[in-house]
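Asker: I'd like to ask you about the structure that follows.
Every number here is computed from the coordinates shown, using simple stated rules; none is lab data. What you see is a predicted model, and the numbers here were worked out from it, not measured in a lab. Note: ideal-geometry Cβ built from the backbone for every residue, glycine included; neighbour counts use all protein chains shown.
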Amino acid sequence: MESNSPKLRPQSTWLEVAIGIVLLLALSVALVPKFSRAAGEGRLAALSDTLHLIRSSIDVYRAEHQGLLPGQRTPGQMVSYQAFIEDMTCLDTNGQYRYFEQFPGNPFVSDDERRKTITCVRDPNAQPDGTEGTAWWFNSATGEFKACDEKFHTTY
């Protein structure tokens with residue numbers, strides 16, 4: 001038997017909608033900082049991993065080239081950014097990349113043109129200060145390779 005009475009549909013009042021929006025906003029305010037912090041920590045881990053990989057590749061290059069650093073043709077020679085990148089992305093006799101197919105970029109640098117740039121110096125006492133305007137820093141006197149996109153990252 002069918003009923004002729006109208007079906008009641010629950011409808012939300014403006015107050016209920018407003019309370020729902022406030023709850024969603026409160027939830028997002030509580031969660032967004034946690035996700036932001038996790039993203040920052042993830043990029044810091046990526047920076048640390050990238051630095052480890054580059055430094056290991058520099059050590060392998062040095063072992064394979066009688067103590068020369070990437071970009072050097074004679075001991076103690078100043079290294080240019082272009083020569084460093086060229087040596088780190090060279091092909092071996094089998095056509096395989098020996099170190100990197102593409103040199104890794106700094107995960108904290110968003111500008112694609114700057115992500116892989118390197119400030120090269122030749123001073124055993126020099127240290128980056130984060131104002132160099134490049135992503136990386138390399139000292140051909142000591143073999144040190146560091147991030148230099150900002151002061152805090154120069155400690156890595």
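Asker: Between region 60-85 and region 106-156, what is the separation of their alpha carbon centroids in Å?
Answerer: Region 60-85 and region 106-156 have Cα centres separated by 17 Å.
Asker: Take Ala46, project a point 7 Å from its Cα along the Cβ direction, then tell me which residues of region 86-106 have their backbone nitrogen under 11 Å from it.
Answerer: Output list for this probe position: 105-106.
Asker: Now for a different question. Compute the length gained on full extension between Leu23 and Thr89: take 0.36 nm times their separation in residues and subtract their Cα-Cα distance, giving the result in nm to one decimal. Mind showing how you got there, number by number?
Answerer: Values: separation 66, 0.36 × 66 = 23.76 nm, distance 5.25 nm.
Going from the current span to full extension adds 18.5 nm.
Asker: Mind listing which GluC sites (Glu not before Pro) in region 53-156 are in a DSSP loop and have 15 or fewer other Cβ atoms within 10 Å? Could you put the intermediate results ahead of the total?
Answerer: Working: sites: Glu64, Glu86, Glu101, Glu113, Glu132, Glu144, Glu150; in loops: Glu101, Glu113, Glu132, Glu144, Glu150.
Within region 53-156, the qualifying GluC sites (Glu not before Pro) (loop, at most 15 other Cβ atoms within 10 Å) are Glu101, Glu113, Glu150.
Asker: At what distance in nm do the modelled label points of Glu101 and Ser80 sit from each other, each positioned 7 Å from its Cα along Cα→Cβ?
Answerer: 2.8 nm
Asker: Now for a separate question. Which FRET efficiency value, to the nearest 0.05, do you get for Glu113 and Glu64 by plugging their Cβ-Cβ distance into 1/(1 + (r/R0)^6) with R0 = 41 Å?
Answerer: Details: r = 30 Å, r/R0 = 0.74.
E(calc), rounded to 0.05, equals 0.85.
Asker: So how do Ser140, Ser110 line up by other beta-carbon neighbours within 10 Å, fewest first? Write out the running numbers ahead of the final one.
Answerer: Values: Ser140 23, Ser110 10.
Taking fewest neighbouring Cβ atoms as first place, the list is Ser110, Ser140.
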